[in-house]
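Read through the structure below, which is laid out as structure tokens, and then see the notes.
The values are calculated or read from the model by the stated rules, or taken from the named source; none is laboratory data. Worth saying up front: this structure is predicted, and the values here are computed from it rather than measured. A quick note on method: Cβ atoms are made from the backbone with ideal geometry, for glycine too, and the neighbour counts reach across all protein chains shown.
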Amino acid sequence: MAAVTQHWRCENRTFMDTSALVAFGLTLLLVLANGFFVAAEYAFVRIRKTQLDELAQQGSGRARLSASIVGKLDQYISASQLGVTLCSLAIGWIGEPAVAALLKPYFGWLPDPLLEVLSFALAFGVITYLHIVVGELAPKYLAIQRALALALWCAYPLHLFYRVMYPFIALVNGSANAILRIAGIRSSDDVNVHSEEELKMLVAVSTRKGVLQESERVIVGRAMEFADRIVRQVMVPRTEIVAVSDDTPVADILITARQHRFSRFPVYQEDLDHIIGIVHVKDLVGVDKENRTRARDVMRKVPVMPETMRLDQALAEFRRQRVQLAIVLDEFGGTAGLVTLEDVIEQLVGEVQDEFDREAPAFKEEAPGTFVVDGLTSLDALRERLGVELTDEPYDTVGGLVFGRLGRLAAVGDTIEIEGYRFQVTAVDGRRVAQVRVVRGRPPRKAA
């Protein structure tokens, strides 16, 4: 009888050991499944849809499915969270007893109460370690570093799980949205939308990491600011316009063209507030210089733009009318200046000098920390070059800034201080500040 009992105990122990091993193996599979859902969630949150669209255009079915998942990210995140929750519960339910059963034989010499406590504590520690390291941290780090590859690999399994569990996912999503509505919070699908400031931060980080070159960063920054700028900020002001009257002979127009090296001239009646067209130098080729042909006889129509028109709208207007020059009007209908297609394009790509440009540079560095600046230089260019704020200034040019701060007509030698820089007027043109020397001030000495 004792032999039979001993045999039964051995068989029962073998069965229990086998069951514990099977349960432990199932626990490992659940840990891996948990890691899959964690990796899928982080990969799809991190991936950019543009990457997937590019692969989808090349015929990748996984990329098309991944792009669809990113388009419904809220629902698939819910699926991932559901998977993580189910796996975590199952790991605790199956794994802890299995590990405890496998550890008990090694501590059989302990009293039963102490054995139960020790085996539970060790089992809890082992399961927690596996869950955190294998089921959470490792998949998370992998998804952050290999988001695209992991998203493509996870797409089909995650989609299958989503289809199978869709009723429950819809229930929990609906419940969560209902709670948000009760709390007065609207759910948003724009999970991948970034503000302008966030985009600037992304561009800055990409430049530091070497993904973008400095020239690319500058162009992207200008593109984001392009639509925020208006025509008044880039136009040639009225005082700088070279124009001809409508009764100017062709011969005199050609003389003016040789003097100023411009190819287009506004044509006015009486004064600049009554510009009626433009004359293009190439239209004068072949015209008899001795006859009575006047500017009004060869001029073209000229479009007009309000000085408050945004640059993106101005660019669209240039393209629509297929012209390269427009007259800028102020709010009273008078001529404020003129703007060219080149002026607008330069806000994106920087200064463009053609073979006829003989202009001095807007910024000339005389010495470290000392610059000679043209009075017509925009404040945006000054901010970019010197790193000054000037956020509340109502002026568009450096000359306007100096004139406004002085509160009177400027004279050579006048000086103002702005944000640690000294601005000294070095040249005037009539009433206009033509040139300014900008000197970086010395930092204040610290008290000993």
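One line per residue, one yes/no per condition, for (1) surrounded by 15 or more Cβ atoms within 10 Å (Cβ to Cβ); (2) assigned by TED's automatic domain parsing to the domain that holds Ala314; (3) at pLDDT 85 or above:
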| residue | (1), (2), (3) |
| --- | --- |
| Pro249 | yes, yes, yes |
| Ile253 | yes, yes, yes |
| Gln259 | no, yes, yes |
| Pro266 | yes, yes, yes |
| Ile275 | yes, yes, yes |
| Lys282 | no, yes, yes |
| Val285 | no, yes, no |
| Arg292 | no, yes, no |
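Matching residues to (1) out of contact with any Ser or Thr (no Cβ under 8 Å at 6 or more places or on another chain); (2) over 15 Å from Leu152 (Cα atoms):
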| site | (1), (2) |
| --- | --- |
| Ser19 | yes, yes |
| Val22 | yes, yes |
| Leu26 | yes, yes |
| Ala33 | yes, yes |
| Ala40 | no, no |
| Asp53 | yes, no |
Taking segment 231-250 on its own, how many of its residues are of a type outside the set (A, V, I, L, M), part of a strand (DSSP E or B) and under 24 Å from Glu317 (Cβ atoms)? 1
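The rows are residues; the columns are (1) more than 42 Å from the chain's Cα centre (by Cα); (2) closer than 30 Å to Glu393 by Cβ.
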residue: Gln233; (1), (2): no, yes
residue: Ile253; (1), (2): yes, no
residue: Phe265; (1), (2): no, no
residue: Ile276; (1), (2): yes, no
residue: Asp288; (1), (2): yes, no
residue: Asp312; (1), (2): no, yes
residue: Leu315; (1), (2): no, yes
residue: Gln321; (1), (2): no, no
residue: Ala326; (1), (2): no, yes
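Okay, residues lined up against (1) within 25 Å of Val220 (Cα to Cα); (2) at pLDDT 85 or above; (3) β-branched (Val, Ile, Thr); (4) surrounded by fewer than 19 Cβ atoms within 10 Å (Cβ to Cβ):
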{"site": "Gln313", "(1), (2), (3), (4)": "yes, yes, no, yes"}
{"site": "Val328", "(1), (2), (3), (4)": "no, yes, yes, no"}
{"site": "Phe371", "(1), (2), (3), (4)": "no, yes, no, no"}
{"site": "Asp380", "(1), (2), (3), (4)": "yes, no, no, yes"}
{"site": "Pro394", "(1), (2), (3), (4)": "no, no, no, yes"}
{"site": "Ala410", "(1), (2), (3), (4)": "no, yes, no, no"}
Would you kindly identify the helices (runs of 4 or more DSSP H) lying entirely within segment 45-160 that contain at least 2 residues that are over 30 Å from the mean Cα position of the chain (by Cα) and surrounded by 20 or more Cβ atoms within 10 Å (Cβ to Cβ)? 73-90, 96-103, 112-132
Which residue pairs have Cβ atoms under 7 Å apart, sit 6 or more places apart or on different chains, and have a first residue in segment 406-421 that is in the same structural domain as Leu390 (by TED's automatic domain parsing) and over 20 Å from Pro368 (Cα atoms) and a second that is among the hydroxyl-bearing types (Ser, Thr, Tyr) and surrounded by 10 or more Cβ atoms within 10 Å (Cβ to Cβ)? Val412/Thr426
